[in-house]
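Some notes on the structure that comes next.
The values are calculated or read from the model by the stated rules, or taken from the named source; none is laboratory data. Worth saying up front: this structure is predicted, and the values here are computed from it rather than measured. Counting neighbours? That spans all protein chains shown, and the Cβs are built from the backbone with ideal geometry, glycine included.
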Amino acid sequence: MTTSASTEAARAQIGVTGLAVMGSNIARNFARHGHTVALHNRSIAKTDALLAAHGDEGDFVRTETVEEFVAALQKPRRVLIMVKAGEATDAVIEELAAAMEPGDIIIDGGNALYTDTIRREAALAQRGLHFVGAGISGGEEGALNGPSIMPGGPKESYAALGPLLESISAQVDGTPCCTHIGPDGSGHFVKMVHNGIEYADMQLIGEAYNLFRDALGFDAAQVADVFTEWNSGDLESYLVEITAEVLRQTDAKTGQALVDVIVDAAEQKGTGRWTVKAALDLGVPVTGIAEAVFARALSGSREQRKAARGLASGQLGGKPTDVEQFTEDIRRALYASKIVAYAQGFDQIRAGSDEYGWDLTPGDMATIWRGGCIIRARFLNRIKEAYDTNPDLTSLIVEPYFREAIENAIDSWRRVVVTATTLGIPVPAFASSLSYYDGLRAERLPAALTQGQRDFFGAHTYERIDAPGKFHTLWSGDRSEVDA
Ligand code: NBP
């Protein structure tokens, strides 16, 4: 059923403005769950196209102007913005805020930078409006059939908003993949880290594929079979599942595997980069995510790659002869590296929470990422259990299940990195994750030397292993040590 705003006022439970792919699908999702949805888009053509194609899926209210749109909503008014992130979002917020009243709720479901969300929330709070930055994951399909939703913002607004969002989110074991994350920008921060983890996961899968192709000589269909098999074990996940599908796809034009005719230059929209920038500011070593972002940048450096093609490889080692063993080695290396990537992402969430005073519960993320989102995986149940058992977990890699999983994988992991290195096959994420693990578990790091150097050239001082306090050596004097 569709009505126009002028015929019936204030009966929609939710309004959606921005009816491109994501907004239309979310609006349909709300309508399919029995909610009356007011529709608005800058250009009316998109509203009408949505109604023409799907108007019979539920109860929609067609509106043309922002005033009509706002007037169609029950109080407290709830409006979900699904427009292009950045200036467009600011423009839409401003228009809506001018037409709304204190107590109303504006939700930004776009991929906003969390610092923008912090700024917007503070500004709207001053005007008595609730602003909820909500990370939404799952792409177009998730938006329609159940995404994972990460709403931040004021807790009191969740009472009026939560049930609506939870009704359209994915559900796992009867639990919605949506929960109140924390204040102001926390929802978008967590969504950003989710995307960073997604980058790392995709890069690790890519490295595994590369090893099958270049170390074992598998064709795409053979690798697809391996991924299909892996998807019935510990690695079961959306990304592993779609990897098999992409690898099995044949190109209609050439009859070759599609993956073999796609240009090997990965693009990025920026959320991975944001994650790494934020991690640098917070001082959290998200090495797996960073390697993934840099690997995409390297793949896209077409001029440099062209210039470097054919550079010396040095003497290369032999290819693995035991295909079954090496396949299992890759599987274990992938699992261990994936544990590291998630551990680092969860460390970043904790660091962000501490920095901004959000008081986030990391186990909540594991719970709501189990369904709907791109990184949904069986593995997240394990992370949820780990945080349920110990909410103050120092690092996922020390938790008994993950510790044992890495111990089971460690020999394979080293063999994979060594073999790749001797064959000249790049495995930046596998290798850096292993180095991160070795770094964390090390008795002693070369950082002692770094501190000595810093004290030498900059009198930056150091701590001693055998006495409290800070010390400085008089490097350009008699080299005696003084208290700093
Ligand atoms: P787009 O990001 O392509 O944005 C298109 C929408 O923005 C249209 O409705 C357009 O209106 C509107 N818009 C623009 Br552009 N400038 C505007 C302005 N100044 N004032 C008002 N409206 C304006 O749409 P999308 O791909 O559906 O994504 C929507 C949001 O969801 C984005 O923030 C995106 O990052 C986020 N997101 C996307 C995905 C995904 O998988 N695509 C997943 C999760 C989140 P018009 O029709 O009048 O031009």
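This table checks each residue for (1) buried (at least 23 other Cβ atoms within 10 Å of the Cβ); (2) more than 15 Å from the ligand (Cβ to nearest atom).
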{"residue": "ASP56", "(1), (2)": "no, yes"}
{"residue": "ASP59", "(1), (2)": "no, yes"}
{"residue": "ALA71", "(1), (2)": "no, yes"}
{"residue": "PRO76", "(1), (2)": "no, yes"}
{"residue": "VAL79", "(1), (2)": "yes, no"}
{"residue": "ILE93", "(1), (2)": "no, no"}
{"residue": "GLU101", "(1), (2)": "no, yes"}
{"residue": "GLY109", "(1), (2)": "yes, no"}
{"residue": "TYR114", "(1), (2)": "yes, no"}
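Checking every residue in segment 195-218 against the condition of being within 14 Å of the ligand (Cβ to nearest atom) and in contact (Cβ under 8 Å) with a residue 40 or more places away in the chain gives at least one match. On inspection, ALA159 does not qualify as within 16 Å of the ligand (Cβ to nearest atom) and among the small types (Gly, Ala, Ser).
Yes/no per residue for (1) modelled with pLDDT under 95; (2) small (Gly, Ala, Ser); (3) surrounded by fewer than 23 Cβ atoms within 10 Å (Cβ to Cβ):
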| site | (1), (2), (3) |
| --- | --- |
| LEU165 | no, no, no |
| ASP173 | yes, no, yes |
| MET202 | no, no, yes |
| ALA220 | no, yes, yes |
| GLN249 | no, no, yes |
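Filtering LYS277, LYS253 for residues that are part of a helix (DSSP H, G or I) and without any contact (Cβ under 8 Å) to a residue 24 or more places away in the chain leaves a single hit, LYS277. The residues listed here are THR389, THR422, THR473; of these, the one that is surrounded by 14 or more Cβ atoms within 10 Å (Cβ to Cβ) and either within 30 Å of ILE136 (Cβ to Cβ) or touching a residue at least 24 places away in the same chain (Cβ under 8 Å) (or both) is THR422. What do you reckon, is ALA85 surrounded by fewer than 23 Cβ atoms within 10 Å (Cβ to Cβ), near the ligand (Cβ under 8 Å from one of its atoms) and closer than 27 Å to ASN195 by Cα? So ALA85 fits the description; yes.
Here is the figure for segment 363-384: residues that are under 17 Å from SER232 (Cα atoms) and touching a strand residue (DSSP E or B) at 6+ places or on another chain (Cβ under 8 Å) total 7. Among the residues of segment 25-46, those identified as farther than 17 Å from ILE106 by Cβ and either more than 9 Å from the ligand (Cβ to nearest atom) or touching a residue at least 40 places away in the same chain (Cβ under 8 Å) (or both) are ASN25, ARG28, ASN29, ALA31, ARG32, HIS33, GLY34, HIS35, THR36.
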